[in-house]
Amino acid sequence: MCGEPIIGRVFAVSDKKYHPGCFQCAHCHRQILESEEFMEEKGDVYCQDCFYDMFGERCFGCKQPIVDKCIRFQDRAYHP
């Protein structure tokens, strides 16, 4: 957040407010557009790629984040 007054359009997430240009991923700092999905974790906003990479469950086989469906076997998660 830049700390400047917000006049006009505002993005409000939880108790924070952002200029459209300041609404960005807390990890990669890429601007998140109004039409994009975003995720929140502990008060911070993340683009989907960073969120799943940092906080998502990982496939036991390929070690990549599991974004959609997963198969569970013996306490392990796998892509279908």
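So, restricting to strands (runs of 3 or more DSSP E) that lie completely within the range 30-80, which ones have at least 2 residues that are under 18 Å from the mean Cα position of the chain (by Cα)?
Values: elements: 38-41, 44-47, 71-73, 76-78.
Counting at least 2 such residues, we get 38-41, 44-47.
Among the residues of the range 43-80, which ones are of a type in the set (S, T, N, Q) and surrounded by 10 or more Cβ atoms within 10 Å (Cβ to Cβ)? Before you say what the answer is, go through the steps one by one.
Of the range 43-80, the ones of a type in the set (S, T, N, Q) are 48, 64, 74.
Within the range 43-80, Gln48, Gln64 qualify.
Would you pick out the residues in the range 1-29 that are surrounded by 14 or more Cβ atoms within 10 Å (Cβ to Cβ), outside any loop (DSSP other than H, G, I, E, B) and of a type outside the set (Ser, Thr, Tyr)?
Phe11, Val13, Pro20, Cys22, Gln24
Quick note: the coordinates plus some simple rules give every number you see, no bench work behind them. Since we're looking at a predicted model, the values are computed, not measured. Cβ sites come from the backbone with ideal geometry, for glycine too, and all protein chains shown count toward neighbours.
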